Amino acid sequence: MSPSAAPGAHARRIALVGPLHPWRGGLAQYLQLLGEALESHAEVRAVTFTRQYPRIFFPGTSQRDDAAPRPRFPTAALLDSIGPSSWRRTAAHLERWAPGAVVLKWWMPFFAPAFASAVGPLRRRGTRVVLVCDNLIAHEPRLYDRPFTDWMLRNSDGYLVMSDSVERDLDTLKPGAPRRRVPHPFYAQFDRGRHTRDSARAALGLSGDVALFFGYVRAYKGLDTLLAAWKRVHAERPGATLVVAGEFYEKPERYEALAREAGGVRILNRYIADDEVEALFRAADVTVLPYRAGTQSGVTHVAYALGSPVIATRVGGLGETVVEGETGLTCPPDDPGALARVLVRFFAEGLRERMAGPIASLRARHSWEALARSTVELVDELSPKRGWA
């Protein structure tokens, strides 16, 4: 039993499957924080990858972050995304522990063969399988997406969804499927109390109007739209700076040329370590998500956790995360003129200070404990007669 589990929690066992330490990024952080919140409700163990992405699917420099904190709960690295023998090994490992529920992070159809093969044998014996659905329809579609997604949906029972967009996709793909609609929790682990706005700006050498684009760069994230808009913003507000912080998964040369043309752009083309995140968001007046497609983004929830308003395009579930005029502003996608107008308005009206209160009020509703309770409630709903052990 986990040392932090509540009395009697040994009657419940939840296994997590997906990216965890030493795999880097928001997916691993999400699963770890969910697991640690679940420890007050159940005994928690996890299986993570020995290989997550084959090199052909990962254009970045490294998939690992060995310096990141380890989960408190036991975690076994067993699952190779393209190794069928590891799928059987993972299934056998989980069967020996006999959890009542398995919770998987689901964001890409590529993982369906590994995930479905790992949990299928348990499900046939009564274990309930819950997917935390980041996306059900991929941002960058491939021919195998629909059959692989259908395969995973046949091998899962309940769903945690975090936006209207994903919930609509679930109703299209699996009408009437049991689900809980849950707010995406804030990534409050980055709020380490090391920086005020002034100290962050001093450390980074920033002043005046500052906007932040954060996270890895892919075509669907619309950085080119933001750079085209920034040319207009910088012309009206010459002291403004756009910080682009994240590793490029696209060829950077085109973006670098757009940045030079726009003026006032600083590019940090690398993976941003956890201990650098707080300063970037504290220093920024606003975080910008100019996406062409999206369901939700963890970047929004890092921004809110660190007090930064958000400007986002109205695509998928992104616009749902912004309370218009209170926690941020929205605009249409692929429209540099509209984005430029929203940015200029934000800076000219000094909206950062006005939005601080509404952003702070969101914290209680976006907690990991609230997500853990919803997860347990969903599993209870899926197993009302047999209980779960």
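The values are calculated or read from the model by the stated rules, or taken from the named source; none is laboratory data. Please read all numbers here as calculations on a predicted model, not as lab measurements. Counting neighbours? That spans all protein chains shown, and the Cβs are built from the backbone with ideal geometry, glycine included. Heavy atoms of the whole protein, side chains included, go into the accessibility calculation; ligands, DNA and RNA do not. Shrake-Rupley method; radii C 1.70, N 1.55, O 1.52, S 1.80 Å.
Based on C-alpha pairs under 8 angstrom that are at least 6 apart in sequence, the chain has a relative contact order of 16 percent. For trypsin sites (Lys or Arg not before Pro), the sites in the stretch 39-146 that DSSP calls loop and that have at most 10 other Cβ atoms within 10 Å are 125.
List the residue ranges in the chain for DSSP H helices whose C-alpha atoms run 30 angstrom or more along the long axis and whose Kyte-Doolittle average is 0.5 or above. Membrane-span-like by this criterion, though nothing is claimed about a membrane: none. Ordering 84, 99, 115 by Cα displacement along the dipole of the stretch 77-135 toward the positive end leaves 99 in first place; charges were set at the Cβ atoms of Lys, Arg (+1) and Asp, Glu (-1).
Here is the tail figure for the chain: Cα pairs spaced more than 38 Å apart come to 20 percent of all pairs. Full extension of the chain between residue 365 and residue 146 gives 75.5 nm of extra length, using 0.36 nm per residue less the Cα-Cα distance. Ordered from highest to lowest accessible area with the whole protein assembly present and a 1.4 Å probe, 236, 247 read as 236, 247. Put the Cα centre of the stretch 248-287 next to the Cα centre of the stretch 295-364 and the gap is 18 Å. Within the full protein context, the accessible area of residue 33 is estimated at about 40 Å² for a probe radius of 1.4 Å. Using a probe of 1.4 Å, the accessible surface attributed to residue 323 totals some 60 Å² when neighbouring protein chains are kept in position.
The amide H of residue 160, built 1.01 Å from its N in the peptide plane, has 131, 132, 133, 180 as neighbours under 5 Å, considering only residues 5 or more places off or on other chains. The helix-based estimate of mean residue ellipticity at 222 nm for the chain, built from -39,500 (n - 2.57) per DSSP H run of four or more residues and divided by its residue count, is -12000 deg cm²/dmol to the nearest 500. Give the separation of the Cα centroids, the stretch 151-209 to the stretch 73-123, in Å. Spelled out, the Cα-based centre of one part sits 23 Å from the other. The modelled label-to-label distance for the pair residue 88/residue 338, using points 7 Å beyond Cα in the direction of Cβ, is 5.3 nm. Accessible surface computed residue by residue for the stretch 164-270, with neighbouring protein chains in place and a 1.4 Å probe, gives 46 Å² per residue. Candidate cross-link partners of residue 251 among the aspartates and glutamates, defined by an alpha-carbon separation under 13 Å and a same-chain spacing of 8 or more, comprise 224.
The mean sequence distance of close C-alpha pairs (under 8 Å, at least 6 residues apart), as a share of the length of the stretch 190-264, puts its relative contact order at 38 percent. Distant-in-sequence amide contacts of residue 313, defined by a placed amide H-H separation under 5 Å and a gap of 5 or more residues or a different chain, comprise 289, 291, 331. Highest GNM mean-square fluctuation among 147, 178, 309, for the chain modelled with Cα contacts below 10 Å: 147. Taking the accessible area of the stretch 230-361, probe 1.4 Å, and keeping the other protein chains in place, the carbon and sulfur fraction comes to 50%. Note: relative contact order over the stretch 252-342, using C-alpha pairs below 8 Å and six or more positions apart, is 21 percent.
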